[in-house]
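Working notes, structure below.
The values are calculated or read from the model by the stated rules, or taken from the named source; none is laboratory data. Please read these numbers as outputs of a predicted model, since none were measured by experiment. Note that each Cβ is placed from the backbone with ideal geometry, even for glycine, and that neighbours are counted across all protein chains shown.
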Amino acid sequence: IGGAALIGLLAILGYRLNKFRIDRNYQRQFSEALLYTQEEERKRIARDLHDSIGQSLLLLKKEMSLNHSVTSSNEIMIADTLEEVRSISRNLHPIHLEKFGLTATLIDTLEKVEKSSNLFVSKEIDEIDDLLKKESEIQLFRIIQEALNNIIKHAEATAIKLSIQKNKNDIEVEIQDNGKGFNIKNVQQKSESLGLRTMRERIATIGGSIEFKTPMESGTAININIPIKKY
């Protein structure tokens, strides 16, 4: 009787474990599909902004110039609006990633952060182009982009450092700042946790890991590890 009860208990535990694995895989597949759909929609909107609104502004500027009806203030307004449209388009979908690769895109992003903020930016970036699948590259870029945005908005930092090291089987990323730090438990109970949760979901879809190290008043370090799986 005892043996039968033990077998029954093991069968129940095995069933529950198998169900847990199935649910976890389903959740991961759902997250992957959702993130992919979001990225495709971002790409579509970015293309529409560039091809439609951007081109319309250029044609308007040219037409006004031909008709001699453009003023200096009109030119400035059109140029500023056109640059804003291009900036929104780049943020929605990083065209640089497709044209110049992940390494150059990350360097370009850091340069833009330094120009548009008071932050001192430093970097140690290995060449990591073509080490990951294209889907993994975009997810890694989005994670780093989200981390940089969080630092700019919330950290009250004066310096950022991005380190990317290429190893034989994986890529290690560290994003550091010298800001005020934060309490992860407190953040997870507020709306700010959405960004952290999205970063965790993104890294999970590409089989990587992410760790937040944030001693209070000592800045924050985000450590990311991604296995190299090109095919």
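The residue of region 136-146 that is surrounded by the fewest Cβ atoms within 10 Å (Cβ to Cβ), among those that are over 11 Å from LEU106 (Cβ atoms) and touching an Asp or Glu at 6+ places or on another chain (Cβ under 9 Å), is ARG142. Filter region 114-130 down to the residues that are touching a Lys or Arg at 6+ places or on another chain (Cβ under 9 Å) and under 26 Å from ARG197 (Cα atoms), then identify the one that is surrounded by the most Cβ atoms within 10 Å (Cβ to Cβ). Across region 114-130, the extreme among qualifying residues is ILE128.
Cβ-Cβ contacts under 6 Å between residues 6 or more apart (or on different chains), taken from a first residue in region 191-208 that is on the phi > 0 side of the Ramachandran plot and surrounded by 19 or more Cβ atoms within 10 Å (Cβ to Cβ) to a second residue that is hydrophobic (A, V, I, L, M, F, W, C) and at pLDDT below 85, are absent. Only a single criterion out of (1) crowded, with 16+ Cβ neighbours inside 10 Å; (2) over 17 Å from ILE210 (Cβ atoms) is not satisfied by LYS133, namely (1).
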